[in-house]
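Q: Sharing a structure here in structure tokens format.
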Ligand SMILES: [Zn+2]
């Protein structure tokens, strides 16, 4: 799916050490209409699972309510996802490993990621230095 708008934003990564390092995040943002489409698609997918699960003996006691509840949860989650990260890169302030943090979900800074080198928790905040 290629909808939404992507913007690149500078990051400040902090960990246990005193110094912070720089990073970059690509954030995809969605307007209300796009979020509604995603929410309805998620709900339809989950409720289709509930419909299929209805025809499976015994398991339907768990599958049907599970997919119905999952559909509602998915709908609410996708409706609230204004911005998601496409990619996040940066260097760990503790061990110095330059890495790609990959997809880290919703973009709601400060965001916590885990270093692949030292496995420490890092905090990513948006850098406010006047750049675009
Ligand atoms: Zn590290």
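Any read-out appearing in this document is the output of simple, stated calculations on the displayed coordinates, not a laboratory observation. Being a predicted model, the structure only gives us computed values, none of them experimental. Please note: Cβ atoms are built from the backbone with ideal geometry, for glycine as well, and neighbour counts cover all protein chains shown.
Q: For the residues 100, 26, 18, 94, what sequence is obtained by ranking on other C-beta atoms within 10 Å, fewest first? Present the calculation step by step, with values, prior to reporting the outcome.
A: Numbers: 100 10, 26 15, 18 7, 94 20.
Fewest to most other Cβ atoms nearby, the residues stand as 18, 100, 26, 94.
Q: Follow-up question, since we're still on this one. I'd like the orientation of helix 60-79 relative to the chain: the angle between its Cα long axis and the longest Cα principal axis, in ° from 0 to 90, rounded to 10.
A: 40 degrees
Q: Taking the 0 to 90 degree range and rounding to the nearest ten, how far is the long axis of helix 32-54 tilted relative to the main principal axis of the chain, both from C-alpha atoms?
A: 50 degrees
Q: May I ask you to compute the full-extension gain from residue 32 to residue 120, defined as 0.36 nm times their residue separation minus their alpha-carbon distance, rounded to one decimal in nm?
A: Details: separation 88, 0.36 × 88 = 31.68 nm, distance 3.58 nm.
The residue 32-residue 120 span can extend by a further 28.1 nm.
Q: Hey, with R₀ at 35 Å, roughly what FRET efficiency would residue 128 and residue 77 work out to, going by the Cβ-Cβ distance, to 0.05? The partial results should precede the final answer.
A: Working: r = 28 Å, r/R0 = 0.80.
FRET efficiency, residue 128 to residue 77: 0.80.
Q: Let me ask something else about it. For the stretch 46-132, what is the Kirkwood hydrodynamic radius in Å, using each pair of distinct C-alpha atoms?
A: Numbers: mean 1/r = 0.0619 Å⁻¹.
The Cα-based Kirkwood calculation yields 16.1 Å.
Q: Return the distance in nm (one decimal) between the two label points of a simple spin-label model at residue 52 and residue 7, each offset 7 Å from Cα along Cα→Cβ.
A: So the two model labels end up 3.9 nm from each other.
Q: Based on C-alpha coordinates, I'd like the Rg and Dmax of the stretch 36-96, in Å.
A: Expressed in Å, the Cα Rg and Dmax of the stretch 36-96 come to 17.6, 54.
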